[in-house]
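Here is the structure we will look at, set down as structure tokens.
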Amino acid sequence: MAAVIKEPGPDFANQGVLAYTERQGSVDVVKHSMGWIEVIVGPMFSGKSEELIRRLRRAEIGKQRVQIFKPVIDQRYTKNGIVSHSGLEIASELVASGSDILAKVAPRTEVVGIDEAQFLGDSVVEACVKLADMGKRVIVSGLDTDFLGRPFEPMPRLLAVAEEITKLLAICMQCGNPAVHTQRLVASEELIVVGASGMYEARCRRCFEPQLAHQKIEEQSSNSPETKAHAASS
Ligand code: ADP
Ligand code: ZN
């Protein structure tokens, strides 16, 4: 069991203990301004944004200097903030890549939050490592699998370099079991189709139908007027 330190006494101050948390099994004692990477993963609706916002709020309450980023591609609810499906909100800056984040992080920033990291490409891994090496606490959230249930790059690489990983589950919209998958409900085989309820739902491994998006494409093309005309003329 991880040691939980509640009251750092004078001895700790002398040893240079600069940060600690009460979460078990997590980064609990950090000395000499060392940085680290925390990753929050899971399917859509599993509470990743809520958890990210919770951690960032607490850092702000602790008077730490916090900067928060989200990808330009994800402007579902607001351009200026991360918004959870339950309506929690925190201000954020828009970025297109990991190098964009590195350019925007101020030297004095202590905590960096990144939402929807799966949309930022490979450069986000390099950026997180650099920021942690500089002594910053980096908290990143993102989808670990795509609409076909495949690992969603670059999240697997982020998991490999993280000090701490939190995997969240949603509730299956078909049967109520713990849901590990993001089910696409619309016809598209593109890797990235940004949307929320109506376009996606959480599904457990039993109810997950990875081929559904493909079937919908086939249904649509067989119902299209052109196909019907073609069928009528043949
Ligand atoms: P994520 O960032 O993982 O997509 P959010 O933090 O934005 O998730 O939203 C989580 C919230 O979504 C939950 O607290 C709950 O209010 C709501 N929600 C809607 N559908 C589901 C579901 N199928 N399972 C769990 N929570 C859901
Ligand atoms: Zn299910």
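Nothing in this text is a laboratory measurement; each read-out follows from the coordinates by a stated rule. Values in this document were obtained by computation on a predicted structure and should not be read as measured data. A quick note on method: Cβ atoms are made from the backbone with ideal geometry, for glycine too, and the neighbour counts reach across all protein chains shown.
Could you work out the Kirkwood radius for segment 102-234, taking every pair of different alpha carbons, averaging 1/r and inverting it, reported in Å? Evaluated on segment 102-234, it is 17.3 Å.
The coefficient of translational diffusion for segment 18-168, derived via Stokes-Einstein from the alpha carbon Kirkwood radius under 10 °C and 1.306 mPa s, stands at 104 µm²/s.
Phi angles of segment 165-171 translate, via the Karplus equation with coefficients 6.51, -1.76, 1.60 and θ = phi - 60°, into HN-Hα couplings of 10, 10, 9, 9, 10, 9, 10 Hz per residue; Gly and Pro are given as x.
I'd like the FRET efficiency for Gln215 and Arg157, computed as 1/(1 + (r/R0)^6) with the beta carbon distance as r and R0 of 35 Å, rounded to 0.05.
Details: r = 31 Å, r/R0 = 0.90.
Efficiency, from the Cβ-Cβ distance: 0.65.
Think of segment 108-224 as having a plus end and a minus end, set by charges on the Cβ of Lys, Arg, Asp and Glu; of Pro154, Ala127, Leu169, Leu169 sits farthest toward the positive end of this dipole.
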